[in-house]
Each structure stands twice: as structure tokens, then as C-alpha cells.
Amino acid sequence: MARDQVVDIAIDDGVIAEIDDAVERTADREIQVGGDLVGPGFVDSHMHIDKSFAACGRRHPKGNDSAFDFREIMPREEEYFAEMTVDEITENALKDIEMAVAAGTTYIRTHVAVNHETFGLQNVEAVTRARDVAANLVDIQIVPAARHIPSEESKQILHDAIELASGSESPEPALVGGSDPAGANKDIERTLKAWFDVATKQDVGLDVHIQDGGTLGGYTLDRLHEYTEANGYEDRVTASHCYCLSHLPNHHLDRLIDQFTESDMNIVTCYQSTRPTMPVRKLLESNVTLAHGTDNDRDFVFPHGNADSLEGALIESNKLHGDRTFVEDYRWFDSNEGLDQLWEMITEQGARALGIEDRYGVSEGNPADLVVFDEPSPQWAIIAQATRRFVLKNGAVVAEDGELLPEYSVSE
């Protein structure tokens, strides 16, 4: 429940115990905020922490010497991971987690590559290990993703990956991931059937990349909706990126929005690749769950990235300006209402997408996963890129002024 007032917040045993105008309690530590914003920890709904920092280690970013060509990325990644050890991938993932937590993130969903032909399950093993090591800093959901899925070998390794990612003490469920039934796999029906075969057998949700554009991507979303309903998977499916929503005519877009709400399908967009014409406002005003992720950090896909959701919200505000030919939406994301919607995407909307809304937010009884800013509102926090003065996880201060506290460091 959002409040625009000055209150006291009492934390007891890692839980928000009381919120009132004046809490009459004693405490081991008091933090004076001075009327500035206290918000919930950010929800980063789409990351790739297994790939993080892959472009590092040289004077200039690796793999960034010429014009971007997506066809060159996969061979580079294959070669990179064939030479990496589980320990090295784990260490990079932990560095990425620390960077995210210092920026105010307390919940992450990360996609993790699996490949039956070359590096197998090593990335899932590494990220599962990193998740367990960093359990006191952040809650992490893992989405094993096989790029080429219809073969029996790929289905089996995805089964194995989900079991591995679900086999620790973490309460967060694994999900089925994958990408581009048409563009990458050349067979929409076989790919969707394979995804749902694995998901239903394991009784887990799905979060899949739908990156094909135009009417091809729109048709894929139509079929994803039909498979969702046929398998009784309402409220268990997330479609990430969905670039096609930027390209479709209104009648097709309106039909998809009706389908999203009908099947409670979540949509995730990422600031690095959000199209300027992405219908963010229309999706949100239609009550579609639209969350946000920071995607890649300094890897072969993107050489930049700071795992910072607040930075992502500012970039989204600029990318979604529109222009004067789109009068209704022109600069709407610079308005207080528009900035508030961007804030919702990195907080409450993300919580809904991850299925944690019942235990998320600045409310009594919820875990004390909080961020104290040096600005008075979500709008100013985005505009000024507010300092994260304190980041709390389960009531413990784990970061101050944008830096993880040394005693909470989990990387070497």
C-alpha cells in the first residue's frame, strides 16, 4: 500500500512489524530518513547473470569490435562457455548479484543458458550455487532456457536443469525458459508443445523469450495464449521482450491485450531493448501485468549494464517519449503519472510477474526488504538517480550509499 506521508516503520525479526505516525518502540538501531522515500526493494524480472561480465577482461569490450550482428553472438558464447569453469561462472554471477543488490534489488528472475551439445548444465549449476551463496542478499528465481528445444535431447536437459535448480533449499521455483519458436527454432507448434510438455511434467511455470517481430511475433503470442488455456496454465506464463507489440496494428494489439488479461499472462520488457513504440501505457492501463528487467550486464549481447533498475526506469522514460505525431503519449512518461508507472514496473508489477505479491511491499507483516533513498518521491528518485542510502534485506542493512557492506560480500 503506497503512502505519501511521513511515518515510522518498525522492524522485528526481519519483518515489518508496525507502520504508524509514531511508533512507540525501542530498537537496536534507528535510521533517520528525514522525510525521504522508503520503498520496497526492486524486482528485476529479467536478467542473465550466468553471462554477466563475459565481455570483460580486455582493454575494450570483447566481441564489440565491429557492427552488431546477432548471428555472431551464439558462436562467441559457445566458445566462451566451453572455456569457462563452473567456479568462474559462479564468481561472475555473484559479482552481478552484488551489483544488483547495491543498486536496491532484492528479487531477481534470471534466465540461464543450457546446451546439450557443448556446455551442458554448467551454467545452471553455477547460478544455482550463486543463488544459494547469496540467499541472505536476494531472492532468485532461475529460468533454465534451451535455445533449441524441440529435440528429445534438449527436452531432457531442460528437465535435468529444472531439477538441478529446484534441488537446493531455496523456496523460489524454477521455470521453463526458451526463445523464439519461429525465428530460432523454425517450428512454432513443436516448440510450444515441447515447452509445455516439460512445464506440465515438472509442474512449473514458463518465462519465454518472444523476440520475433511483426505479425510473426503476434501469431506466436496468439498460439502461446491458446497453449496456456489448453494446459490450464493461466497466471503461470510470462512472455519476455515481445517486440512485436511495437509493430502490430491496433486491432491485433487489442486482441492480444484481451488474451493477456484473460489468461493472466505476464509481459516483461527490458530497458536496453524496449522499442520506443512499445505500448507500455496501453498495457498498464489495460491491467496487463507489465514488469521490467535489466537483462544483460557487460556480456556479448550488451557491453553495458549495471543491474540497476532505477537507471533502467530513467532510460525507459527517455526512450518512450514518443514524438509530436503521437500527441496523446508525447512525453507522457516524463509526467508524474508516467514516472509513477515506471516505478510500478520495477516494484509492484515485477512482484506480480514473479508471483510474490502476497509477501512484497512496504506493509505490515511483509519481509523488511526496503530501500532508503535520498529523494522524497519515486519521481525524483528516477529523475535524480537517487542514492540508495540503505538497502535492507529481511531487516538487515546489507548496502549503504550504493556499496555492499564488506561483511555481506559473497564474491572473491
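The values are calculated or read from the model by the stated rules, or taken from the named source; none is laboratory data. All figures in this text were calculated on a predicted structure; none of them were measured in a lab. Neighbour counts run over all protein chains shown; Cβ positions are idealised from the backbone, glycine included. Side chains are part of the model used for accessible areas, which takes the heavy atoms of the whole protein and leaves out ligands, DNA and RNA. Shrake-Rupley method; radii C 1.70, N 1.55, O 1.52, S 1.80 Å.
Once you keep just the Cα pairs under 8 angstrom separated by 6 or more residues, what percentage relative contact order results for the range 281-412? Kindly include the intermediate steps, with their values, before the conclusion.
On the way: 166 pairs, mean separation 22.6, N = 132.
Worked out over the range 281-412, it gives 17 percent.
Nearest 0.05, what FRET efficiency do ASP323 and ALA27 give at R0 = 51 Å with Cβ-Cβ as r? Intermediate results must be reported in sequence, preceding the final value.
On the way: r = 51 Å, r/R0 = 1.01.
Calculated value: 0.50.
Considering only ILE97, ILE315, ILE267, give the residue with the highest GNM mean-square fluctuation for the chain, with springs between Cα atoms whenever their separation is below 10 Å.
Maximum among the listed residues: ILE315.
So what's the convex hull volume per residue for the Cα atoms of the range 272-412, in Å³? All intermediate terms of the calculation are to be shown ahead of the outcome.
Working: hull volume 19.0 nm³, N = 141.
Taking the convex hull of the Cα positions in the range 272-412, it is 135 Å³ per residue.
Given H placed 1.01 Å from N in the peptide plane, which residues other than close sequence neighbours of VAL176 have an amide H under 5 Å from its amide H?
So VAL176 has HN proximity to GLY205, LEU206, ASP207.
Restricting to the chain, what percent of DSSP beta bridges are antiparallel, rounded to 5? Could the numbers behind the result be given before it?
On the way: 20 of 48 bridges.
About 40 percent, rounded to the nearest 5.
Just to make sure I understand: if all protein chains stay in place, what is the order of ARG25, ARG131 by accessible area at 1.4 Å, largest first? Don't skip to the end; give the middle numbers.
Details: ARG25 115, ARG131 5 Å².
If we order ARG25, ARG131 from most to least accessible, we get ARG25, ARG131.
Leaving ligands and nucleic acids out of the surface, order ARG298, ARG388, ARG281, ARG29 by accessible area at 1.4 Å, largest first.
Details: ARG298 70, ARG388 25, ARG281 45, ARG29 130 Å².
Final ranking, largest accessible area leading: ARG29, ARG298, ARG281, ARG388.
If R₀ is 22 angstrom, what is the calculated FRET efficiency for the pair ASP334 and GLN5, using the beta carbon separation as r and rounding to 0.05? Spell out each step's value before the answer.
Working: r = 25 Å, r/R0 = 1.15.
Once rounded, the FRET efficiency stands at 0.30.
Of ASP254, ASP139, ASP299, ASP203, which has the most accessible area and how do the rest follow, probe 1.4 Å?
Values: ASP254 60, ASP139 35, ASP299 5, ASP203 100 Å².
In descending accessible area the options line up as ASP203, ASP254, ASP139, ASP299.
Apply the Karplus curve 6.51 cos²θ - 1.76 cosθ + 1.60, θ = phi - 60°, to the phi angles in the range 357-368 and return the couplings in whole Hz, x for Gly and Pro.
3J(HN,Hα) across the range 357-368, in whole Hz: 4, 6, 10, 10, x, 8, 9, 4, x, 8, x, 7.
Over 20 Å apart: what share of the alpha carbon pairs of the range 1-157 falls there, rounded to a whole percent?
Across the range 1-157, Cα pairs with separations above 20 Å total 62 percent.
Taking amide H positions as placed in the peptide plane 1.01 Å from N, state which residues far from ARG388 in sequence (5 or more) or on other chains have amide H under 5 Å from it.
Sorted by chain and number, the residues that satisfy this are GLY402.
Label GLU262 and ARG59 with points 7 Å out from Cα along Cα→Cβ: what is the distance between them in nm?
A separation of 5.9 nm, rounded to one decimal place.
What angle do you read, to the nearest 10 degrees and between 0 and 90, between the alpha-carbon axis of helix 336-345 and the longest principal axis of the chain?
Result, in degrees: 60.
Helix 309-319 versus the longest principal axis of the chain: what angle, 0 to 90°, nearest 10, using Cα atoms?
That works out to roughly 70 degrees.
Do the alpha carbons of any pairs in LYS62/LYS282; LYS51/LYS319; LYS51/LYS186; LYS51/LYS155 sit beyond 28 Å of each other, and which pairs? Could you put the intermediate results ahead of the total?
Values: LYS62/LYS282 38 Å; LYS51/LYS319 25 Å; LYS51/LYS186 25 Å; LYS51/LYS155 22 Å.
Pairs exceeding 28 Å: LYS62/LYS282.
Pick from PRO276, PRO40, PRO181: which residue has the top mean-square fluctuation in a GNM of the chain where Cα pairs under 10 Å get a spring?
Largest GNM mean-square fluctuation: PRO276.
Would you please report the Å³ per residue occupied by the convex hull of the alpha carbon atoms in the chain?
Details: hull volume 58.0 nm³, N = 412.
Spelled out: Cα convex hull of the chain, divided by residues, is 141 Å³.
Relative contact order of the chain, please, whole-number percent, based on alpha carbon pairs below 8 angstrom and at least 6 residues apart. Could the numbers behind the result be given before it?
Details: 855 pairs, mean separation 90.5, N = 412.
Once normalised by length, the contact order is 22 percent.
Under 5 Å between amide H atoms, partner at least 5 residues away or on a different chain: which partners does GLY120 have, H built in plane at 1.01 Å?
Under 5 Å from the amide H of GLY120: ASN115.
Any chance you could get the radius of gyration and Dmax over the Cα atoms of the range 70-218, in Å?
Cα radius of gyration and Dmax of the range 70-218 are 15.4, 44 Å respectively.
Give me the number: length gained by fully extending GLU78 to ASP374, i.e. 0.36 nm times residue separation minus the C-alpha to C-alpha distance, one decimal in nm. Mind showing how you got there, number by number?
Numbers: separation 296, 0.36 × 296 = 106.56 nm, distance 4.30 nm.
Net length gain for the segment: 102.3 nm.
With every protein chain in place, what's the accessible area of TYR360 (1.4 Å probe, Å², nearest 10)?
Counting only protein heavy atoms, TYR360 exposes about 20 Å² to solvent.
Provide the per-residue ³J(HN,Hα) series for the range 239-244, in order, calculated from phi with Karplus coefficients 6.51, -1.76, 1.60 and θ = phi - 60°, each as a whole number of Hz, with x at glycine and proline positions.
10, 9, 6, 6, 4, 4
Please list, in order along the range 100-106, the HN-Hα scalar couplings obtained from phi with the Karplus expression 6.51 cos²θ - 1.76 cosθ + 1.60 (θ = phi - 60°), rounded to whole Hz, x for Gly and Pro.
So the Karplus estimates, Gly and Pro as x, are 5, 5, 4, 8, x, 8, 10 Hz.
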